[in-house]
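First comes the structure, then the notes that go with it.
All of the numbers you see were taken from the coordinates with simple rules; none came from a lab. Just so we're clear, the structure is a prediction, and the values are computed from it rather than from any experiment. Quick reminder, even Gly has a Cβ in these numbers, built from the backbone with ideal geometry, and neighbours come from all protein chains shown.
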Amino acid sequence: MIHLTNISKQHGSQILLSAASFQILAGVRSGLVGPNGAGKSTLFRLITGEEVADGGEISCAKHTVIGYFSQETGEMAGRSALEETMSAVAQVMALGREIEEMEAAMATPMGDDALAALLERYGDAQQEFEHRGGYDLETRAQTVLTGLGIGPDDYLRPVKSFSGGWKMRIALAKILTINPDVLLLDEPTNHLDIESILWLEEWLKKEFKGALLMTSHDRTFMNSLVSRIIEVADKTITTYSGNYDFYLRERDIRRDQLVASYRRQQEMLAKEEEFIARFAARASHASQVQSRIKKIDKIQRIELPAEQKVIRFAFAEPPRSGDDVVAMDNLAKSWPLADHSEKKVFSGISGMIRRGDKIAVVGVNGAGKSTFLKVLAGRTEPSRGRVSLGANVAVGYFSQHSMDILDGGQTVFNTVQNAMPQAHIGTIRNLCAAFLFQGDDIDKRISNLSGGEKSRVVLATLLAQPLNLLILDEPTNHLDLLSREVLLAALQKFSGTVVLVSHDRHFLRSLVDHVMEIDHGAMHLYGGNYDYYLQKSAQLGDH
């Protein structure tokens with residue numbers, strides 16, 4: 001369908017791609033991976049024609065419809081959520097009107113040649129209309145909006161009244177409603193809750209028949225959908241047949257093989273160069289020396305790609321808390337409404353969080369998970385009941401608002417240093433490096449960081465402090481795959497207690513040993529890991 005051949009692309013002095021090639025094949029689902037700045041977003045823009053390659057060729061099959069979802073929503077105003085979604089298929093709707101006009105024209109007398117031409121145009125238009133799903137456009141738009149969490153009550157809401165995260169869902173709904181031949185998705189799960197992620201996963205599996213190329217920080221989402229990985233790194237593109245987990249294993253195998261070949265070549269070159277240096281001045285060996293010089297000049301030198309080093313930081317053992325960390329007694333929370341009534345969030349929650357527990361708080365969007373964490377962390381008072389912290393409990397709290405309290409004028413290094421003022425400079429540098437701030441990155445000002453980089457700074461400062469209870473609300477938001485693995489490894493080694501909300505299923509499976517589910521205001525406790533919770537909740541749903 002789409003062929004990229006010997007593509008070269010440069011931004012300023014940075015060479016992103018050099019003679020790189022790959023194909024997007026009909027019906028094939030591919031994951032696009034690579035380090036930050038390697039050129040993934042550039043590749044999307046080259047395919048859509050938003051950018052032009054410096055060299056090489058991009059060819060696309062005729063009449064191929066490409067749908068591209070990026071993190072830029074563009075201007076959205078003046079329409080309802082449903083109208084905005086339907087605006088993406090304006091051309092298909094126009095084609096439907098054209099078909100109606102041609103049907104009306106067929107009822108009027110005309111010459112044989114004119115009728116034959118009209119019938120040919122009508123047949124082509126009908127085929128295209130059907131291919132684009134023209135007969136159920138509004139139904140599909142409604143289905144997609146509902147699946148992404150925007151239900152019938154909100155179809156007619158002005159799009160300008162939605163927050164940025166919800167506008168991203170509308171932008172995604174527009175692209176899915178098009179039903180394109182090639183679907184390009186750049187981080188589609190960033191602003192979705194777990195229910196919407198699961199819906200999108202199923203929709204892409206069962207409803208979407210076209211080719212898919214996507215980036216995602218959600219490892220489980222990518223594993224369940226793709227059968228091929230396209231890696232952009234070191235100015236080239238490498239294709240792996242398999243899902244993301246297969247890619248990680250195969251990449252390491254290929255890397256080990258390349259390192260072994262590199263070492264063998266270096267040993268061979270060293271021997272040849274030693275012979276040349278030793279006998280260069282001897283006339284009796286002149287022909288042999290020249291022969292070996294020509295030989296090593298012709299050798300294609302193996303280059304090892306730059307590898308991002310992941311520093312393992314040994315976090316200080318947190319102070320030991322009592323065995324009973326948090327006691328909850330008939331806990332309830334309601335928010336006052338404008339008409340003096342109350343909106344109940346949850347009620348009647350009693351229980352104990354014990355030392356060393358790693359607990360996921362789950363529930364549908366709007367169930368009250370973030371409010372529950374705020375109550376636990378003492379950031380908001382319960383409406384009824386009480387939360388009691390055990391002996392020697394020191395609480396650290398993270399939410400998306402935690403990034404707002406960072407001092408934009410401070411550097412990464414200064415911010416981390418302020419969290420651990422007694423630490424040596426080397427220790428602070430190692431902690432920064434563990435959270436992927438290496439080299440000059442530690443001197444970046446907070447105001448110049450991306451959302452993901454700010455998240456990493458806040459998480460680094462939390463783990464640097466003598467805290468033994470971490471309450472984390474969506475700590476994986478904005479983090480790329482490598483950053484999530486770094487945080488996961490740190491929390492797995494953390495000997496204190498963790499209570500968190502996350503939509504990353506791989507993260508939850510790898511970390512938690514208990515699950516608290518908020519459902520219709522009540523709390524259900526599951527004394528097992530995330531897979532145990534999924535199994536038990538599915539069984540309860542069947543009854």
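Residue by residue, region 376-390 carries 3J(HN,Hα) couplings of 4, 7, x, 8, 8, 7, x, 6, 9, x, 8, 10, 10, 7, x Hz when phi is fed to the Karplus relation 6.51 cos²θ - 1.76 cosθ + 1.60 (θ = phi - 60°); x denotes Gly or Pro. Residues whose amide H falls under 5 Å from that of F346, counting only those 5 or more places apart or on a different chain, are K333, with hydrogens built in the peptide plane.
Amide H contacts of A394: N468, L469, each under 5 Å away and 5 or more positions distant or on a separate chain (H built 1.01 Å from N in the peptide plane; Pro and chain starts excluded). Here the 3J(HN,Hα) profile of region 397-411, calculated from phi with Karplus coefficients 6.51, -1.76 and 1.60 at θ = phi - 60°, is 10, 10, 9, 4, 6, 4, 5, 6, 8, 5, 7, x, x, 7, 8 Hz, Gly and Pro shown as x.
When R121, R140 are ordered from fewest to most other Cβ atoms inside 10 Å of their Cβ, what list results? Kindly include the intermediate steps, with their values, before the conclusion.
Values: R121 14, R140 21.
Lowest to highest Cβ neighbour count: R121, R140.
Once the convex hull of all Cα atoms in region 328-396 is built, its volume per residue stands at 102 Å³.
Order of H524, H11, H503 from fewest to most other C-beta atoms within 10 Å?
Details: H524 15, H11 12, H503 23.
By the 10 Å Cβ count, ascending, the order reads H11, H524, H503.
Can you put F129, F372 in order of Cβ neighbours within 10 angstrom, beginning with the fewest?
On the way: F129 18, F372 27.
Fewest to most other Cβ atoms nearby, the residues stand as F129, F372.
Helix-only arithmetic for the chain: the sum of -39500 (n - 2.57) across DSSP H runs with n ≥ 4, divided by the residue total, places the mean residue ellipticity at 222 nm at -13000 deg cm²/dmol. Of all DSSP bridge pairs formed entirely within region 324-542, close to 55 percent run antiparallel. Run a plain Debye calculation on region 247-298 (Cα atoms as equal point scatterers, no solvent) and give log10 I(q)/I(0) at q = 0.19 Å⁻¹, rounded to two decimals, same order as the q list. With one equal scatterer per Cα and no solvent, log10 I(q)/I(0) is -0.66.
In the calculated pair-distance distribution of the chain, the portion above 35 angstrom amounts to 50 percent of the Cα-Cα pairs. Across the chain, Cα pairs under 8 Å and at least six residues apart give a relative contact order of 14 percent. Counting only DSSP beta bridges whose two residues both lie in the chain, roughly 55 percent are antiparallel.
Only Cα pairs under 8 Å and 6+ residues apart enter the sum, and on that basis the relative contact order of region 29-155 stands at 24 percent.
Along region 24-41 the Karplus relation, 6.51 cos²θ - 1.76 cosθ + 1.60 evaluated at θ = phi - 60°, assigns HN-Hα couplings of 9, 9, 4, x, 8, 9, 10, x, 9, 10, x, x, 4, x, 6, x, 5, 5 Hz to successive residues, with x for each Gly and Pro.
Defining a contact as two alpha carbons under 8 Å apart and six or more residues distant in sequence, what relative contact order in percent does region 324-542 show?
Details: 395 pairs, mean separation 59.5, N = 219.
It rounds to 27 percent for region 324-542.
Between the amide H of V512 and those of Y530, distances stay under 5 Å, these residues lying 5 or more places away or on another chain, with hydrogens modeled in the peptide plane.
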